[in-house]
Structures are given as structure tokens and as C-alpha cells.
Amino acid sequence: MAIDSEPATGGHTWKKGVLENFRLGKVYEPRLEDYILLLLYLDGRTPIYGEEVVHFILTIYPYAEVELSPSFFLPYSAIIENKLGELIEKKLAYRLKQNYRGTEKNIIKITEGGSDEARRLFKLFSESWLLVHNIVLRQGSEVLNELEALKKTYNGKSVTELIGLLASKLDAEGTFFIQHLSANSPGWMNYVYYLARQISKEKHSINPF
């Protein structure tokens, strides 16, 4: 079953027409489920070892539109979870528990039907300019390369490693790093930033080298 070809932000399709009139070529507005399916497909269809990796990557990737939900530890988005659930319901992906490096994880794999749809998306991205956040144009081929690099970098990382990486990144880049995200309230986002800085400082004090 294919994902609907019309992006969820169809109310902004007039922008695509204007941009195409500038002879930029094909313009596409990617959806969150596109990113998830492509993450599962890239790097030789390697499974995602821990669904927290999906939340982590799409949180740190500035061109994915994500709204965070409260979480005690890693970034969590109810929207990501819902979209992942929809892909599973459509039999484009599936989830199973599996031991990975001594720890039981929720493993996410793409199905054959999902691979067929991902190949269509891969071709669409490769041939298009992407309109993200309604204002930013990116070459789809660059986005594919960036998503694959993120998957190779973070896939299989432990929860502790991801927490440490996120804390260090937030401590180094500050609010600039998270300004593309939306959350329930500015106060909650500021609190996440505060906690990340504390975790980063404590991590460095424990491991000074």
C-alpha cells in the first residue's frame, strides 16, 4: 500500500507552483512519514536498532518538522510514534523485540512493500527540490545523503550514549540547535535545555578526558 502522494501541508501547494515557475524543476514538500520510511530504507535497509534512534535522529535533523512531547530521558514525539504506527498498520514496516549487543530493543524493519514505496520516495527526492518548514529549499539528494549519514552514525547507540550525545550537542550549540523544534510550551523547552547542560557538565566532570 503506497503512502498518499500529496503531502500533508497541501495548503501550501501554491508555493510549489511559484517555485516551479522559476524553473527550479520539481518541488516536493516531504512529510514526516517520508523521513521515517527513508531512514528504514537507507544504508542497505539496515534495521533501526532501537526505535529511540528514530526519535533522536528526527529531533536533531533541522529539516524534519517535529513537535516534542514530555519525556524523562530522550527526545520523544507523539507525532513520530503515530506516523511509525501508521507505517506498521499499512505493512510498510514492522516492529519486533530482539536482543542487540546484550540488551533487548524494539527493532524496526522495513517490509518488501515498504521498500517499494521507499524506492519511489528515493527517486522523488533525488529528482526534486524539497520545500521544508514552508520556506527552505534543499536538494533532495543532499537530504538523502544526510539522513543516511545520521543513520550510520547513531543506529545501535545505547540509550545512555544517545543521552550523552544529545546533552553535549545542546550544551555546545544551545538554543540554536533546538530552535527548529516546537513544544508544548517555551518553559518546557527551556527546562530541557537546562537539564541537558547539567548532564553535559556532569558527564565531563566524570570523564574529563
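What follows draws every value from the coordinates through simple rules; no lab data is involved. Bear in mind that the values here come from a model prediction, so they are computed numbers and not experimental data. Cβ placement follows ideal geometry from the backbone for every residue including glycine, while neighbour counts extend to all protein chains displayed.
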Name the residues whose placed amide hydrogens come within less than 5 Å of the amide hydrogen of residue 107, ignoring near sequence neighbours (fewer than 5 apart) on the same chain.
50, 96, 97, 98
For residue 112 and residue 61, what is the calculated FRET efficiency with R₀ set at 22 Å and r taken between the beta-carbons, to the nearest 0.05?
0.25
Given 26/169; 90/123; 83/105; 123/151, the pairs whose alpha carbons are separated by over 25 Å:
26/169
For a bin width of 10 Å, list the pair-distance distribution of region 24-155 built from all Cα-Cα distances, rounded to whole %.
12, 44, 35, 7, 1
Could you tell me the distance between the Cα centroids of region 65-139 and region 23-48, to the nearest Å?
9 Å
For residue 132, what charge total do you get from the other residues with a beta carbon under 10 Å from its beta carbon, if Lys and Arg give +1 and Asp and Glu give -1?
-1
Beta carbons within 10 angstrom, averaged per residue: use that to sort the peptides 78-85, 56-63, highest first.
56-63, 78-85
By per-residue mean of other Cβ atoms within 10 Å, what is the highest-first order of 97-103, 46-52?
46-52, 97-103
